[in-house]
Structures are given as structure tokens and as C-alpha cells.
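Everything on this sheet refers to the single structure shown next.
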Amino acid sequence: DVKVTQSSRYLVKRTGEKVFLECVQDMDHENMFWYRQDPGLGLRLIYFSYDVKMKEKGDIPEGYSVSREKKERFSLILESASTNQTSMYLCASSLGRAEKLFFGSGTQLSVL
Amino acid sequence: GENVEQHPSTLSVQEGDSAVIKCTYSDSASNYFPWYKQELGKRPQLIIDIRSNVGEKKDQRIAVTLNKTAKHFSLHITETQPEDSAVYFCAASRRSEKLVFGKGTKLTVNP
């Protein structure tokens, strides 16, 4: 089974802190994604990557950046955390572009 | 870009009844339509998907239908069980492009 692992299940940070969310997949998938999940708003795409060192903005990229130095690892960076970034963050990977997504278990981030 | 509308936002049924969730999409070029199930506290998981070259697909108690002309697709769950209680997300995409998700439907199956 594909495993997508997110480094933290719960994270509490202060406003203005730089926050790193890490995601690692073990199935040699080309594509990796970061979503944000808020009640009533569904899954919103923040950034995605179709290849190493490649990144593309999703629907809500403001206040975020990403890094993909290795194929298996995709990091989401909050440059200066704000309270409106309190949310559940889900990482996902897929073999092909319009193919099944495998999600991580999520990181619940609270920014105080 | 693509826009996906999902209805209803909440759905409550009695065990054994059927449940139907509907999604509409805006981009007529979209050709891939998956459905994800997210149980409370767990990650979303793909339960069924359909591509635009077929009109219906079934897997045991779940089925998805696609109407390309009307640009809508639906998830049907028959003989619902308490373990079907979850949030269900539909999504749509063009070939080789990113998925766009609906806002989700919280299904509650009452014993």
C-alpha cells in the first residue's frame, strides 16, 4: 500500500512564526499536492508539484510556499503564520495526473 | 477554470435506505470524476471514479452515474449502513490537470 506520511498530526504555532509541514511518500509518485481543509469549504488546493524542483500554484497559494528537492518529499512553508491559517492540512500524491490521490493523515495546525 | 458544485451539504437517511449525492461541473472538457470518502478523523480515500467514456459504474452498493450533456454526476449508495456515515467529496478534472473538489456532503446513516 502507498504510504503518505505527514510529520506532525497536531501543531501549535505563534503568529509570525515560520512553519514547515513535511510530507513524504514511499511509492515513487511523480505528483504531490498540498490541500487545506476547512469545514464547509471542502478541499482547497494550495500548491502542487508534477516533478522534482517543479511547483505550481493552486487555488489559494497566498501566504504559502513549497519545496520539492527530492521526489519523495514535498514541504509546505508558511512564511509568517497568521491566525487565518489555522486549519487541517492534507498532503497527497498520485502516480499520474488525473489518477487516484493517496492522502496523508493530515496536520491540524493552530496558529495563536 | 473548473467549478464543482455539490449538493446536498448534509444528508440524513435511515439504515437500509438509499442515498444520492449530486455534483455539477462547469468545464465541458472535464473527463475524470472521482468520489472520495472521509470518515471522522481519517484521511479521504477514493471509493469510486468514472471517466467520460462511460455513463455508469458500479461497485457493490455504490454506483456513479455521469450525464455529460447536463454536466452532472451522482453518487448512489444503496442499502446504507452506519459505516457509510462520512463526508463524501466529488471532484472533476480534465486529462492531465488538477482535480477540483466539491465542498463535501456529510452523510449520516441512522440505525
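The values are calculated or read from the model by the stated rules, or taken from the named source; none is laboratory data. Note that the structure is a prediction, hence the values are computed from the model and not measured. Note that we place each Cβ from the backbone using ideal geometry, even for glycine, and neighbour counts take in every protein chain shown.
Quick notes on this one:
- Of the strands (runs of 3 or more DSSP E) lying entirely inside segment A:2-101, the ones with 1 or more residues being without any contact (Cβ under 8 Å) to a residue 24 or more places away in the chain and more than 20 Å from B:A92 (Cβ to Cβ) are found at A:64-70.
- Here B:T69 fits the description: among the β-branched types (V, I, T) and either in a loop (DSSP other than H, G, I, E, B) or modelled with pLDDT under 95 (or both).
- Exclusive hit being farther than 18 Å from A:S105 by Cβ and of a type in the set (A, V, I, L, M), set A:L21, A:L41, A:L76: A:L41
- All of (1) under 30 Å from A:Y10 (Cβ atoms); (2) crowded, with 18+ Cβ neighbours inside 10 Å; (3) within 14 Å of chain A (Cβ to nearest Cβ) hold for B:S93 with one exception: (1).
- Those residues of segment A:102-112 which are within 12 Å of chain B (Cβ to nearest Cβ) and assigned to a strand (DSSP E or B), in sequence order: A:F102, A:F103, A:T107, A:Q108
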